[in-house]
1. Find all pairs meeting these conditions: Cβ atoms under 8 angstrom apart; at least six residues apart or on different chains; first residue within region 115-133 and part of a helix (DSSP H, G or I); second residue open to solvent by 50 Å² or more (accessible area, probe 1.4 Å) and of a type in the set (Lys, Arg).
2. Only residues that are at positive phi and touching a residue at least 24 places away in the same chain (Cβ under 8 Å): list them for region 25-65, please.
3. Please indicate, with yes or no, whether at least one residue in region 74-85 is in contact with a Gly (Cβ under 7 Å, 6 or more places away or on another chain), among the small types (Gly, Ala, Ser) and under 30 Å from Ala364 (Cβ atoms).
4. Suppose we filter region 273-285 for residues that are open to solvent by less than 40 Å² (accessible area, probe 1.4 Å) and either closer than 20 Å to Gly109 by Cβ or modelled with pLDDT under 85 (or both); how many remain?
5. Starting from residues that are touching a residue at least 12 places away in the same chain (Cβ under 8 Å) and open to solvent by less than 70 Å² (accessible area, probe 1.4 Å), keep the ones in region 68-84 and report whichever is farthest from Phe120 (Cα to Cα).
6. For region 93-105, state whether one or more residues are open to solvent by less than 90 Å² (accessible area, probe 1.4 Å), under 29 Å from Val223 (Cα atoms), under 20 Å from the mean Cα position of the chain (by Cα) and of a type in the set (D, E, K, R).
7. Considering only residues that are surrounded by 20 or more Cβ atoms within 10 Å (Cβ to Cβ) and of a type outside the set (S, T, N, Q), which ones fall in region 25-36?
Amino acid sequence: NALLEYADFLSWEKKDHEVKFDLLAKAHKVFKAANSLAQCVQVCKRLAEAHELYSLKFMDVARVLRRQAEYFETLSSKDQITARYYRVYFVGRGLPAHLRGNSYVYRSGSATRLISVREFTSQIKGFFPGAKVVNTTDPPKFKVVQQALKENLQWREKELKLELAKVQKDLARGKKSEENILKIKLKEITKALVEIENGDHGDLKSPPGGSDVEIMASEAAQVDALIKSSPYLKLIQITTLTVSNTQEMQGKEHHLSLVDATMRHKRYHYENDIEVFAYTRVLKPTSPSVKKYCKERKCTVPPQGSKRNEYRDLWVQRVFVITQEPMPTVRRRVPIKDLQHVISTPLHNAVITLRKKNEEMKSAMLAARASDEPNDLVPLTQN
């Protein structure tokens with residue numbers, strides 16, 4: 001991608017002519033080595049057009065197009081390994097200043113190897129020693145932040161004690177000033193730990209007789225105060241994302257969803273130049289968000305205490321994550337530009353689920369017809 005971006009800065013004038021061809025050829029070589037066939041196809045398109053319009057080497061056009069045809073045949077006959085994406089949210093003054101309060105979409109894995117969420121979480125922990133890492137779709141809760149702060153302080157206390165023990169062994173070298181600084185830091189940490197253990201940060205306080213909205217606002221304010229009060233808090237939230245698109249965010253069907261093609265073919269378009277991702281949160285019918293939604297649209301919710309149905313009461317909040325630039329890109333992480341929250345009623349959620357299941361079933365049937373080999377029948381089940 002870096003090579004392609006550099007090539008985009010150059011023109012097809014004579015002085016940049018050879019350099020641009022060389023950059024495109026190198027980009028193709030990199031993508032081929034990484035088995036990124038979709039990117040290879042895109043580079044071949046650019047090379048074929050360049051040879052046709054600028055170098056006038058028509059035999060090279062034919063050679064590039066034959067190679068492009070081979071990539072399309074492979075994409076059509078074999079499933080490709082695709083990267084996974086995660087939203088990572090950094091909370092706390094103990095983290096680097098440029099990360100605090102910011103969210104990023106991280107790309108993990110490659111065209112040749114998938115990385116599980118557990119492995120990705122371990123990698124993040126390795127980059128930020130002592131940080132509390134949680135996998136969740138919810139905003140930071142008071143108890144989670146409080147527990148994270150306690151663990152952060154315990155880790156920091158242990159680290160400072162090790163540093164202090166090391167310095168004390170070197171007293172003969174005359175490093176008194178360094179020892180004193182560490183003792184001061186250790187005293188501060190110990191004091192903060194005592195405050196946490198004694199509950200000086202307090203439990204979550206709900207306003208007496210307050211509504212659900214007021215209780216949520218009160219908790220959010222207390223969480224914000226707890227985050228700002230401690231210079232040692234390091235909390236990282238990881239959320240697994242799915243690839244989405246603008247049409248889905250607007251409540252519309254993607255124009256390719258109605259095309260009679262397998263998911264293998266559709267992924268070629270779905271999973272390139274991704275700007276919108278999504279994750280879902282299941283909401284209780286009695287949650288403030290659902291109550292607000294129903295009040296605005298004049299719909300009803302089963303009263304609290306009534307007999308529940310797993311599907312009739314399945315309210316879902318879809319959070320659409322919009323990145324600053326399309327992915328995959330040069331960087332493995334891209335800042336998040338915006339979040340869009342969309343609530344789906346149980347009926348709307350059922351329609352979306354059926355629509356996706358129908359698309360999977362159609363894809364499975366088309367794949368079965370096109371192949372004599374045994375096929376995966378999971379999409380044809382109720383699961």
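The values are calculated or read from the model by the stated rules, or taken from the named source; none is laboratory data. Because the structure is a prediction, the values reported are computed rather than measured. Reconstructed Cβ throughout: ideal geometry from the backbone, glycine too, with neighbour counts over all protein chains shown. Just the protein is used for accessible areas: all its heavy atoms, side chains included, with ligands, DNA and RNA removed. Shrake-Rupley method; radii C 1.70, N 1.55, O 1.52, S 1.80 Å.
1. Within 8 Å, the pairs are Val117/Arg84; Phe120/Arg84.
2. If we filter region 25-65 for residues that are at positive phi, which is where we start, we get 35, 56.
Selection gives Asn35 alone.
3. yes
4. Taking region 273-285 as the starting set, the residues that turn out to be open to solvent by less than 40 Å² (accessible area, probe 1.4 Å) are 274, 276-279, 283, 285.
Filter once more, keeping what is either closer than 20 Å to Gly109 by Cβ or modelled with pLDDT under 85 (or both): 274, 276-279, 285.
Count: 6.
5. If we take residues in region 68-84 being touching a residue at least 12 places away in the same chain (Cβ under 8 Å) and open to solvent by less than 70 Å² (accessible area, probe 1.4 Å), then Gln68 is farthest from Phe120 (Cα to Cα).
6. Within region 93-105, none of the residues are open to solvent by less than 90 Å² (accessible area, probe 1.4 Å), under 29 Å from Val223 (Cα atoms), under 20 Å from the mean Cα position of the chain (by Cα) and of a type in the set (D, E, K, R).
7. Restricting attention to region 25-36, the residues satisfying the condition of being surrounded by 20 or more Cβ atoms within 10 Å (Cβ to Cβ) are 27-28, 31, 36.
Of everything in region 25-36, those that are surrounded by 20 or more Cβ atoms within 10 Å (Cβ to Cβ) and of a type outside the set (S, T, N, Q) turn out to be Ala27, His28, Phe31.
Results for (1) open to solvent by 90 Å² or more (accessible area, probe 1.4 Å); (2) under 30 Å from Ser289 (Cβ atoms); (3) in contact with a Gly (Cβ under 7 Å, 6 or more places away or on another chain); (4) modelled with pLDDT under 80, shown as yes or no for each residue.
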residue	(1), (2), (3), (4)
Asp170	no, no, no, yes
Leu204	no, yes, no, yes
Gly210	no, yes, no, yes
Leu241	no, yes, no, no
